[in-house]
Amino acid sequence: MSITVTSLAPGFLIASPPLGDPNFDRTVVLLAVHGESGALGFVVNRAAPLTLGELLSFAGYGADKASAPSPVFVGGPVQPSSGWILGVDLEVESAAELIRVGDRVRITSSRDAFDALARDVQELGPGASDPKKRMVLLGYSGWAPGQLEGEIAAGAWLPVPMDEGVLFDVAIDKRWESAYALLGLTPAFGMSMRTVGSA
């Protein structure tokens with residue numbers, strides 16, 4: 001008997017407090033892909049210990065980029081040395097290198113997207129607003145077939161619809177609470193739900 005998986009992507013996964021896994025404590029994951037073959041997502045509220053400028057400088061784009069102050073995010077524990085760009089209306093040479101997440105949000109790890117970001121950092125200057133709202137993420141979060149469904153059933157995650165406002169306009173340290181607020185809930189509600197569910 002085959003089980004049909006209803007896709008939760010695009011959406012957010014909000015970590016229930018306390019999740020128990022330090023990689024995901026108080027996190028909001030942008031779920032980009034979800035289906036019978038598993039799931040792929042990116043943590044969007046955990047800053048890495050380096051700035052975008054430092055990352056671009058380390059990646060060989062030149063020391064002149066080192067002043068770009070934007071944060072870099074820890075996208076997840078899988079392949080932490082892999083780099084990804086999340087933004088709106090991103091374009092790359094090969095459509096196969098682009099993950100479409102909803103109507104406008106796109107994710108890619110293509111080299112030409114990083115080249116374009118480095119050029120734009122130079123042209124826009126430090127602290128300027130990026131019209132594509134790009135975020136750089138290191139690593140990703142992945143689930144084997146059925147694994148995410150099991151974690152949701154156990155109360156580890158609360159799935160909610162994706163919201164671009166929470167993703168791009170809310171301060172990093174407020175995204176977890178803001179994602180809960182999408183359903184009119186608070187993290188305290190998640191704690192009481194988890195406690196009841198695990199009794």
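In region 147-175, what count of residues is obtained for those that are among the small types (G, A, S) and surrounded by 13 or more Cβ atoms within 10 Å (Cβ to Cβ)? Outline the logic, then answer.
We begin by selecting, within region 147-175, every residue among the small types (G, A, S); these are 150, 153-156, 165, 171.
Applying the additional criterion that residues be surrounded by 13 or more Cβ atoms within 10 Å (Cβ to Cβ) yields 155-156.
Counting residues in region 147-175 that are among the small types (G, A, S) and surrounded by 13 or more Cβ atoms within 10 Å (Cβ to Cβ) gives 2.
Here are the criteria: (1) assigned to a strand (DSSP E or B); (2) crowded, with 21+ Cβ neighbours inside 10 Å; (3) of a type outside the set (S, T, N, Q). Tell me which single one V121 does not satisfy.
Checking V121 against (1) assigned to a strand (DSSP E or B); (2) crowded, with 21+ Cβ neighbours inside 10 Å; (3) of a type outside the set (S, T, N, Q), the one that fails is (1).
Looking at V88, is it crowded, with 20+ Cβ neighbours inside 10 Å and of a type in the set (A, V, I, L, M)?
no
Any chance you could count how many residues in region 72-109 are closer than 21 Å to G60 by Cα and free of Cβ contacts under 8 Å to residues at least 24 places away in the same chain? Break it down into steps so the answer makes sense when it comes.
Within region 72-109, the subset closer than 21 Å to G60 by Cα is 72-74, 79-86, 92, 108-109.
Retained after the next criterion (residues that are free of Cβ contacts under 8 Å to residues at least 24 places away in the same chain): 92.
Looking only at that region, the number is 1.
Hey, any hits in region 52-71 for a residue that's in contact (Cβ under 8 Å) with a residue 24 or more places away in the chain, assigned to a strand (DSSP E or B) and among the aromatic types (F, W, Y)?
Looking through region 52-71, none of the residues is in contact (Cβ under 8 Å) with a residue 24 or more places away in the chain, assigned to a strand (DSSP E or B) and among the aromatic types (F, W, Y).
Considering G139, G165, which residue is of a type in the set (G, A, S), part of a strand (DSSP E or B) and within 17 Å of L30 (Cα to Cα)?
G139
Would you point out the residue of region 97-126, among those that are closer than 20 Å to G41 by Cβ and among the aliphatic types (A, V, I, L, M), that is farthest from the chain's Cα centre (by Cα)?
The residue in question is A113.
Any read-out appearing in this document is the output of simple, stated calculations on the displayed coordinates, not a laboratory observation. Source: prediction; values computed, not measured. So basically every Cβ, Gly included, is an ideal-geometry build from the backbone, and we count neighbours across all protein chains shown.
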